[in-house]
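See below for the structure under consideration.
Here, each number is a calculation from the coordinates, and none is a lab measurement. All figures in this text were calculated on a predicted structure; none of them were measured in a lab. We place every Cβ from the backbone using ideal geometry, glycine too, and count neighbours over all the protein chains shown.
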Amino acid sequence: MTTTLPDYYFRIRENGALVFRIDSENRNRRIEMDQIAIINLRKGEVKPHGDRLLSAEDRAAIDRWMADRSDLLAHREVDDILRTVDHLNLTTQWAQSRATDAQLDDVTDALLLAMHDLRNVLVRKKADRLTKGN
């Protein structure tokens, strides 16, 4: 653990975060967390908590966190899709080599429909990108 604490703490929520200013330099030497804002990452909104006014330093830290968090989530999203490709390959191997007839009966329709839907979306999106390039 480091000896110095950051100036801000961001408590992650499903669509953003609660922002706290950290104060450890008080007379009791306790860590105090003072909520200063609420972030909605999807909408790009920052709402000061209560009657607070955010300083330029507060806003800069929040904007930096929002940019970093958006980059991280975008990276994770692509990584999740690449893991799905790996999982599809493992599923193919399972279906080819180990699956019983009963197991295949349980999953075939759901897999075929999901793959058909995915294929349609991917083909349409690729066609859109190709026609934009021309």
Nearest 10, in degrees from 0 to 90: the angle of helix 101-133 to the longest Cα principal axis of the chain is 70
Relative to the first principal axis of the alpha-carbon coordinates of the chain, what is the inclination of helix 56-97, with its axis defined by its Cα atoms, in degrees from 0 to 90 and to the nearest 10? 20
Give the average over all directions of the projected area of the C-alpha convex hull of region 1-98, one decimal, in nm². 10.0
Let's test the formula: R0 of 30 Å, r as the Cβ-Cβ distance of D34 and D71. What FRET efficiency results, to the nearest 0.05? 0.65
Grab the DSSP H runs of the chain that are 4 residues or longer, score each as -39,500 (n - 2.57), total them, divide by all residues and round the 222 nm result to the nearest 500 deg cm²/dmol. -20500 deg cm²/dmol
Would you order V121, V19, V107 from fewest to most other beta-carbon atoms within 10 Å of each residue's own beta-carbon? V121, V107, V19
For the chain: relative contact order, % (alpha-carbon pairs under 8 angstrom, 6 or more apart): 11
Gaussian network model of the chain, Cα within-10 Å springs - most flexible of A17, A110, A60: A110
